[in-house]
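The values are calculated or read from the model by the stated rules, or taken from the named source; none is laboratory data. The model shown is predicted, which means the values in this text are computed figures rather than measured ones. Note: accessible area is taken over every heavy atom of the protein model, side chains too, but ligands, DNA and RNA are not part of it. Shrake-Rupley method; radii C 1.70, N 1.55, O 1.52, S 1.80 Å.
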Amino acid sequence: ERMLAGLRNRLLQILARSSPGATTWRVQLHRWRGVQIGQNVWIGYDAVIETSRPDLVIIRDRATVQLRATIIAHFREQDGGVVIEEDATIGPGAIVLPNVTIGRGAIVTAGSVVTKSVPPKTMVRGNPAEPIATVDVPLRHDVSLKEFAKGLRPIRRESREPGPP
């Protein structure tokens, strides 16, 4: 019985990765797998959402998981889970590791590797992902890029270089 459940989960995941319908079929297939998904969620083509323990992933309302993003909610005995809060965006090719919450309205830029939780309304980038800006306006389909960009505020970092003598 456990083997059949695993086979069903894997089949649904394969279908979800390549099915059309970023707001319809893909979302529903992941729900059938056990991923907890809110309303108006967008899941891009070829996104991988936790292969063996989909029940450890929560994706809240209006969140976006871009194409080829990967969400890993556990490693062997470590069942930490992943929570993607409302209006959060996981960029293309980004990787989210276990025990991470992506805060409300936060943005993970393309190709970033998230190893620790991201505060709400924060943009992170890199490997490991580090905060680079605050986000006043969420990156949603009903928000223009111009409006979104006006709401970005760079986070200034202290220089690590010694100053002049």
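Summary table below
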read-out: Choice from Thr89, Thr101, Thr23 with maximal GNM fluctuation in the chain (Cα, 10 Å cutoff); value: Thr23
read-out: Cross-link reach list, aspartates and glutamates versus Lys150, counting only Cα pairs under 12 Å and skipping chain neighbours closer than eight places; value: Asp136
read-out: Accessible-area ranking of Thr109, Thr115, largest first, probe 1.4 Å; value: Thr115, Thr109
read-out: Normalised per residue, the volume of the convex hull around the Cα set of the chain (Å³); value: 111
read-out: Residue order for Trp42, Trp25, Trp32 - accessible surface, 1.4 angstrom probe, largest first; value: Trp25, Trp32, Trp42
read-out: Accessible area, probe 1.4 Å, largest first, for residues Ile84, Ile72; value: Ile72, Ile84
read-out: Reach of Lys116 by Cα under 12 Å, taken over aspartates and glutamates that are not fewer than 8 positions away in the same chain; value: Glu130
